[in-house]
Every structure is written in C-alpha cells, then in structure tokens.
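The values are calculated or read from the model by the stated rules, or taken from the named source; none is laboratory data. As the structure is a prediction and not an experimental result, all values here were calculated from the model. A quick note on method: Cβ atoms are made from the backbone with ideal geometry, for glycine too, and the neighbour counts reach across all protein chains shown. Calculation scope for accessible area: heavy atoms of the full protein, side chains included, ligands and nucleic acids excluded. Shrake-Rupley method; radii C 1.70, N 1.55, O 1.52, S 1.80 Å.
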Amino acid sequence: MTQSSTTRLTVAQALVRFLAAQYTERDGERQRLIGATWGIFGHGNVAGLGQALIEYADAMPYHQGRNEQSMVHAAVGYARQSNRLSTHAVTTSIGPGATNLVTGAALATVNHLPVLLLPGDVFATRPADPVLQQLEVPYAGDVSVNDTLRPVSRYFDRITRPEALIPSALQAMRVLTDPVETGAVTLALPQDVQAEAYDWPEEFFAERVWTVRRPGADPTELAEAVGAVRAAKRPLVLAGGGVHHSRAEEVLAEFAEATRIPVASTQAGKGSLRHDHPQDVGGVGHTGTATADELARTADLVIGVGTRYTDFTTASGTLFENPDVRFLNLNIAPFDGHKLAGLPLIADARSGLGELTEALVMHGHRAADSYVTEYTEDKERWEQRVDACFEADEPDVRPTQPQVIGALDALVDESDIIINAAGSLPGDLHKLWRTRSRDQYHLEYGYSCMGYEIPAAIGVKLAAPERNVWALVGDGTYLMMPTEIVTAVQEGIAIKMLLVQNHGYASIGGLSESVGGERFGTAYRFTSDDGTFTGAPLPVDLAANAASLGMRVLRAKTVRDLRAALAEARAADTATCVYVETETSDTVSGAPPAQAWWDVPVAETATRSSAVKARELYERHVSTRRRHL
Ligand SMILES: Cc1ncc(C[n+]2csc(CCOP(=O)(O)OP(=O)(O)O)c2C)c(N)n1
Ligand SMILES: [Mg+2]
C-alpha cells in the first residue's frame, strides 16, 4: 500500500481515532471492537487521552467510572455479554490509578475475556524525575509501577516513541481478537508521549476488520476422538466457558440429542444447555449436582469442551474415580487441550463439536438405554431437591438464601441475566439455578472477585440494554465495591441489585469451620468478651447506603415482601435495589451440601481440637487424590 498522506495528531488522538475504526467479524456478523472508553483522569492522562476523548467524542463514547478496578469489571461484563467480539478500553492516570487496574486485569485474563487497558505512565523524556506519584526503582530506570500489569496481561507494551504506537496498536488488536490469546491487553502511555504530535499515515485510521477465527479439528485428532467416544460406556460432557465464547450451545444440543451423552457444566459453562434439556445434568464438581457428580465419579470418558479444569471442577483431583477414566479435551487452546493427560482435540468448540457429531451420527453412535434411564431418573430426583429448597411454607418469615434464589427463579424469564462472582451465592446458584437461556447465568468464577457484580452488571446492561440485568450481591461484596452505583444512576443504566445481608462472610465462615478455623474473622459483628467477633450484628444499614448513592431501594423482611419487591424492581426503569436479610440460624436448612471435596490445606499441627479433627478428615480426602496420566 502506498502511503498517500499524513495527519498530524497527538499520540492520544491517534490512538482514539485508531480504536474507533477497529471491527471484529465472525459468522458474517460485524461489530465495533472497542465500543466505548472508560476513564478516570489525573495528571497522567487528563491532557493526553482526556483531551483526545473530547476531540473525538462523536467517534468514541465515554463512561465515567469511580474506581479503576471496577471500570475493568464493567468492561469485562460488556465483553462477555458481547461474546468477546466487542469490549471497552479503560484509561487511567499514573501511579495509584494505574495499579488499581491490576485486579481487574487478572480477572479478565483468567476468564479469557478481552479488555484494553491504557494506564498513563511516567515521562519518557524524564524532565520531571520523579513526577508526582512516581515510584522510583534505584536499580532500574525503565521500571514503573505499570510493570505490575505485565504478569496479568496477555500483551504489554510501553509506548515511549509516537511511531511505536503503530505496530503496538496492531499487536494489541491481534491479541484482543485471538480466541486463544485474549485477556487483558495493556498499552502503557507515558504522559509526555500522549500529548506529543506526529505525522500519522492516513492508512493507520482506515477501518480494519479482525476476523475471529473458528479453526476446525486436525483429521488425526478427530479420528482418535471419535474412536474414544465410540468405545466409551459411560461418557460425560463437561461444558466450560468456551461453549459460550464460541456460541456452540446449539451444536452442543445437537451433539447431546444425537448421542444421548449427558452434559454437566462448570460455572462458566452453565446454560450451555437449558436446564430442562433432557441431557442437561447441571453443575459439576465441588458445587455440582448429585446427578452430575455421580456421573463424573463413574465416567469412563470425560469430554471436556472449552474448560480449564479448575480444582472446583475436578474436586481437586478426587472427582473422577473410575480407574479407567480418560479425558478428551476439545479446546481451542493447546494449553488446556492437553490437561489431565487427555486426548487433545484442538479446535473451536462449535467447529469441533459439529465435526464430532457428524462422525458419530455416521456411525449411529448412541449411549445405552440403561445409561439414559439412570441419569434421567437421577435428574428428576435432583429437581425435587431443588423444589424443596425453593419452597417457603411460611411466607411471613425471613427467607433462607435458597428461598431468595427461588423467589427470583419464580419471577424471571429467559431474557433476565443474573450476575454473581463471590461468596456463598456462587455455590448455591451452581447447584440450584434453572438456567433458561444461553447467556442468563453470568458467574465470574475464574477469579471469583468480590466487587465484580455491580460494575459488571453495568457493562452487561450496556451490551444488552433491553434485558433485565440482576447483580446478586452479598453484604461483604457490597462493602468492597458499591461505588459504580453512582455511574448507573448518572447514566440512567437501570441495573437491578439483589443485596443479601447475612452479617459477614457466610461462605468463608462455613469453610473456616470445616478446616479448623472456627469462623475466625469472618463475621461482621462486635467483639465478644472472649475477643472474637461473635457479638451482636453491627448497626450498619446497607440499604440506606445504596439509597444514599442514588439507587431506589426496596426493603424486604419476609418471603412475601421479597416476592413483591423483586417484581416491583423487575418492572422498574431506574436502578433499583432489593435488600433482604436472610435466615442463617443452624435450625434452618440451606442448599444441599457440597457433593465433592475441595482442597483447602488444614494445619498439620495445632493445639485446638477443631483443627486436629479437621486435619484427620483432610488426610482422608487427600489420600483419594489422583494424578491423571
Ligand atoms: C476481592 C476478594 N477478596 C477476598 C475474597 C475471598 N472471599 C471469598 S467469598 C468472601 C466473603 C463474601 O462475603 P459476602 O459477599 O457477604 O457473601 P457470603 O459469603 O456472606 O454469602 C471472601 C472474603 C474474594 N473472593 N475476593
Ligand atoms: Mg455475607
């Protein structure tokens, strides 16, 4: 291409113009790659990117965040709801603004979700050394705090010369749109360079389309995979987040219907099949259903589709007990495809499942009737347990957490989206939630980051403005990051929040008790005479707090109140919170207990009997751990 003319712009202006012209395309669908830019300004970006964003305000929408980490969460929520085909950029000042990105970046990278981070950086020309908020490293002049973003980014560059932006920006787009590589991408922008002018070739600003590829399977790997499935007596599919990222849900349903092989799902993969699909057996692993976990224990072939096999999914190496169990891993990333010494089938989930289905149908392969009857009856039994958890005989008392979930379950339809990340809700939801559509269940459980839910709900709502988007939030999570409520109010983004008050960390409290930690430091209560935090609940009013940030708040005291409040919130066209305190006493039954183990190492030596007992149990569990080779 001959370069006809140039345009003189600052680096920041050139970057914004470039980003506004990037598109992705998959299956003939084309969309903007960077739909908007979030920003909090300080001296490190106000005159550079801040000025550029007003210069190109008509080409690049802007959202004002309150916390850098939560801006990344919003971008991640948007990216996931956009099937990774579109995301947001996040600009920050230098120093604390930049390092506040680290948690969000790690979350994006762990979950394979694209997000573009644009932290300001210290002067490249070093006239002011140190500049305000600069951390000096005496042994290395080229290190800044932004280097903390390197290990959590899939691509990192520091643009110390204007012209370096050209190759670096292209590499950044490559990584954002690559289904194997994608995650957080960081372009650190020294504040002097942001404001520096350069004569940019016009072609840099031309529309550019990044094709998100769908590679098919290698014929040899496919033949081996088909052989493995045909030889299996008790095969089980484990659907992971890759099924959603690749939009492989329909092809997975065709595979399951053709072969009658049951499908269990990880947190990221839940909703791959609708809950009432005959082959859906629900969540698998530590927070799985009894049906799925029994199938996992006895499976002779586990067909992982788009899963990373976290320890929650594998029950820390104890779930797959069949001595002859083998793994077949359909994954676009060879790194994940080779896990558990499995047979790799390296391909896009949709392409690979399509090829596998075609080959198996050709051979007329179907699971045995007895196997189908077994899991169908088991699934029916589990459904009855879910019904029992959701049921509230006495509507005028405080609900349990499963009853809270049941009240929402009774209200929503397939257009509602529920978002959650941490606490005791993820486990209860994984076991109990009846997912009605492919993208209804939005659990961030790769990083399980408290504080994700509210900003992510904003990002999801920006991607799907017509849907009802619910942030399900524990009191601990709420206290960690409520600030983006202000953004929702400011921009009229009508997210719905269900705030569950149980006075502290119910999840970690329970875990602590089971591992000999005696719930130490896990309740939000006054100190008792013995010095532990087991006194009265704190006089904290989180409902009033949410209202003070501009949200409409509905307080629900009983199951009956809760049903009415949820219905009112669902119909509301402004950001609305339903606040409910749950019943947590030992006499009420909660969700079914964990169906499989999870490794949390217990003190090998201790004086307190609770820890000594917990260690005995721990050693019994550890002894059942397997290395799959
Ligand atoms: C940022 C962050 N810090 C710490 C943790 C560890 N952690 C997981 S759940 C949890 C408690 C969550 O409390 P809450 O939101 O009230 O939910 P509950 O357990 O009461 O259901 C903690 C501290 C985490 N997941 N994320
Ligand atoms: Mg709590």
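Taking only the stretch 218-265 into account, find how many residues are open to solvent by 10 Å² or more (accessible area, probe 1.4 Å) and in a loop (DSSP other than H, G, I, E, B).
6
For the stretch 450-474, which residues satisfy the criterion of being surrounded by fewer than 23 Cβ atoms within 10 Å (Cβ to Cβ) and within 14 Å of ligand 2 (Cβ to nearest atom)?
Within the stretch 450-474, just 450 meets the criteria.
If you check every pair at least six apart or on different chains, which have Cβ atoms under 6 Å apart with a residue in the stretch 471-483 that is over 24 Å from residue 440 (Cβ atoms) first and a residue that is more than 9 Å from ligand 2 (Cβ to nearest atom) and of a type in the set (S, T, N, Q) second?
That search, which allows pairs on different chains as well, returns 483/67.
Conditions first: (1) assigned to a helix (DSSP H, G or I); (2) open to solvent by 20 Å² or more (accessible area, probe 1.4 Å); (3) among the hydrophobic types (A, V, I, L, M, F, W, C); (4) within 16 Å of ligand 2 (Cβ to nearest atom). Residue 567 passes all but one, so which condition is the exception?
(4)
Counting only residues that are more than 30 Å from residue 492 (Cβ to Cβ), more than 14 Å from ligand 2 (Cβ to nearest atom) and either surrounded by fewer than 17 Cβ atoms within 10 Å (Cβ to Cβ) or of a type in the set (Gly, Ala, Ser) (or both), how many does the stretch 507-558 have?
18
Return yes or no: is residue 319 assigned to a strand (DSSP E or B), touching a residue at least 12 places away in the same chain (Cβ under 8 Å), of a type in the set (A, V, I, L, M) and not assigned by TED's automatic domain parsing to the domain that holds residue 433?
When the stated conditions are applied, residue 319 does not pass them.
Looking at (1) open to solvent by less than 60 Å² (accessible area, probe 1.4 Å); (2) in contact (Cβ under 8 Å) with a residue 24 or more places away in the chain; (3) within 25 Å of the chain's Cα centre (by Cα), can you tell me which one residue 350 breaks?
For residue 350, the exception is condition (1).
Can you list residue pairs whose Cβ atoms sit under 6 Å apart, with the first residue in the stretch 494-507 being within 30 Å of residue 571 (Cβ to Cβ) and within 6 Å of ligand 1 (Cβ to nearest atom) and the second being modelled with pLDDT of 95 or more and not in a helix (DSSP H, G or I)? Count only pairs 6 or more apart in sequence or on different chains.
502/582; 506/424
Which of the strands (runs of 3 or more DSSP E) found entirely inside the stretch 20-120 contain at least 2 residues meeting this: touching a strand residue (DSSP E or B) at 6+ places or on another chain (Cβ under 7 Å) and either open to solvent by 10 Å² or more (accessible area, probe 1.4 Å) or assigned by TED's automatic domain parsing to the domain that holds residue 445 (or both)?
22-26, 29-32, 62-64
Take the residues in the stretch 394-430 that are more than 14 Å from ligand 1 (Cβ to nearest atom), free of Cβ contacts under 8 Å to residues at least 60 places away in the same chain and over 20 Å from residue 382 (Cα atoms); name whichever of them is least open to solvent (accessible area, probe 1.4 Å).
Only one residue fits best here, namely 418.
Would you please list the contacts, defined by Cβ atoms under 6 Å and residues six or more apart or on different chains, that run from a residue in the stretch 431-448 that is without any contact (Cβ under 8 Å) to a residue 60 or more places away in the chain and more than 17 Å from residue 244 (Cβ to Cβ) to a residue that is within 16 Å of ligand 1 (Cβ to nearest atom) and open to solvent by less than 20 Å² (accessible area, probe 1.4 Å)?
Listed pairs, sorted by first residue: 448/421; 448/422.
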